[in-house]
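Trainee: To start, I am sharing the structure in question, which I have written as structure tokens.
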């Protein structure tokens, strides 16, 4: 970069920069500001609410049982979630297959263990 410094009383007062180099500097500064703003927005979104990957959302909207989607997303096995909630793995499997409905009490325990709302674990009735 070709910069000419003009001093006044022995102190740098002005800098003369070729116009093309000034333009390039301004573009880089704008890009850095955009990056900073994008990071701030991202931190605000992530800090205020949990976000989910598209694969997770796709599974929920495809008709797959939400309990199974949430369980696998939170990396629980049927046995480990069952142990935590005081129910057998086979009972959870039956719920995930739609062969059985959870009690309100069990639904609350599952929601707590999976860190979601009880409504998130219910299949939409059509």
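None of the figures in this text is laboratory data; all of them are computed from the coordinates on show. Remember, predicted model here, so these are calculated numbers, not experimental data. Reconstructed Cβ throughout: ideal geometry from the backbone, glycine too, with neighbour counts over all protein chains shown.
Trainee: Checking residue 105 against (1) part of a helix (DSSP H, G or I); (2) exposed (fewer than 14 other Cβ atoms within 10 Å of the Cβ); (3) within 24 Å of the chain's Cα centre (by Cα), which test does it fail?
Mentor: Unmet condition: (3).
Trainee: Oh, and also: At least 1 residues that are more than 18 Å from the chain's Cα centre (by Cα) and without any contact (Cβ under 8 Å) to a residue 40 or more places away in the chain in each: list the helices (runs of 4 or more DSSP H) lying fully within region 1-73 that qualify. Explain how you work it out, then say what you get.
Mentor: Values: elements: 19-48, 54-61, 66-73.
By residue number, 19-48, 66-73.
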